[in-house]
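Working notes, beginning with the structure itself.
What follows is calculated from the coordinates using simple rules that are stated; it is not laboratory data. Every value quoted in this text rests on a predicted model; they were computed, and no experiment measured them. Methodologically, a virtual Cβ is constructed for each residue, glycine included, from the backbone with ideal geometry; neighbour enumeration extends over all protein chains shown.
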Amino acid sequence: MEELQSRGLYGIGIVRSNRKDLPDMLKKNSKLSRGEFEFAVRSCVAAVRWQDSKPVCILSNYHNPKHITTVLRRNQDRSRSKVFCPLAAAEYNKIMGGVDRFDQLGEWYAVGHRSRKWCHRLFFSLVDLVVVNSYVMWKLQKTEADQLTLRLHLACRFISGFSNRKRRGRPIHFQTPKRGVSGVPDELHLEKVGTHFPTKGTTNRRCCQCSTKNKGKRTKVICGNCRVPLCVAP
């Protein structure tokens, strides 16, 4: 905070009470009533401990810790009442939503998973960062948009019909959809429209889409481009 102040930058943020070189006022477990606060000042940095529903420790290099305001808080009976609050804590609550909102959006559909290599976790975090930022920008262009739809669009674009798994039977995106779930995405339904016209072959061959392990379906229709048997019946 002192370094930021020396460069002409203002900063405010919460801090853990067990961090090194903090005043004892933040570390002691003094019982305060809701709305009460304590503070300590060193150089240009003010440390404030405010009692909300839980203790909140804040550091600021541009607030006067003596300045107070009021905020609305919900009581146990669902009513609202005004509670005294340091001006530093009130202003922090107005600007802290960006980080918490990002964490919330990234946690819904996080791509990260456990890994022994730290670089993998860093890579997954960067992917979540890009997707969440893309979702925020994409949402500005649409009135009704959800993050799952965007992630499905991105996944279909990246996969583009390729897979390293050899499956028998119909692909997963051609199976009967569950109730409330949409069918084939437009990216797959309209991919390469006009290049895969069906043609009639000379012999019956096992359909690569409809046939399963226990039940096979044969057809003379083949794809004109891929030369694989493909049923055209609904």
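Just so you know, in segment 53-69 the residues that are out of contact with any helix residue (DSSP H, G or I) (no Cβ under 8 Å at 6 or more places or on another chain) and outside any strand (DSSP E or B) include one that is nearest to Glu91 (Cα to Cα), and it is Lys66. With respect to Val41, is the statement that it is touching a Ser or Thr at 6+ places or on another chain (Cβ under 8 Å) and of a type in the set (A, V, I, L, M) true? Taking the combined requirement at face value, the residue does not satisfy it.
When Arg73 is tested against the conditions (1) out of contact with any Ser or Thr (no Cβ under 7 Å at 6 or more places or on another chain); (2) among the basic types (Lys, Arg); (3) more than 30 Å from Phe158 (Cβ to Cβ), the lone failure is (1). Taken over segment 18-46, the criterion of being closer than 28 Å to Arg80 by Cβ and assigned to a loop (DSSP other than H, G, I, E, B) is satisfied by Ser30, Lys31, Leu32, Ser33, Arg34, Gly35, Glu36. Does segment 3-10 contain at least one residue that is surrounded by 13 or more Cβ atoms within 10 Å (Cβ to Cβ), under 23 Å from Lys82 (Cα atoms) and out of contact with any Leu (no Cβ under 9 Å at 6 or more places or on another chain)? The answer is no; no qualifying residue exists.
Being loosely packed, with under 12 Cβ neighbours inside 10 Å and not in a helix (DSSP H, G or I), is that true of even one residue in segment 88-105? No, every residue in segment 88-105 fails to be loosely packed, with under 12 Cβ neighbours inside 10 Å and not in a helix (DSSP H, G or I). Taken over segment 60-78, the criterion of being within 32 Å of the chain's Cα centre (by Cα) and among the polar types (S, T, N, Q) is satisfied by Ser60, Asn61, Asn75, Gln76. Looking at segment 26-45, I want the residues that are at negative phi and have a partner that is surrounded by fewer than 14 Cβ atoms within 10 Å (Cβ to Cβ) and assigned to a loop (DSSP other than H, G, I, E, B) with Cβ atoms under 7 Å, at least 6 apart or on another chain. Which pairs are those? Going by the 7 Å Cβ cut-off, the qualifying pairs are Lys27/Asn18.
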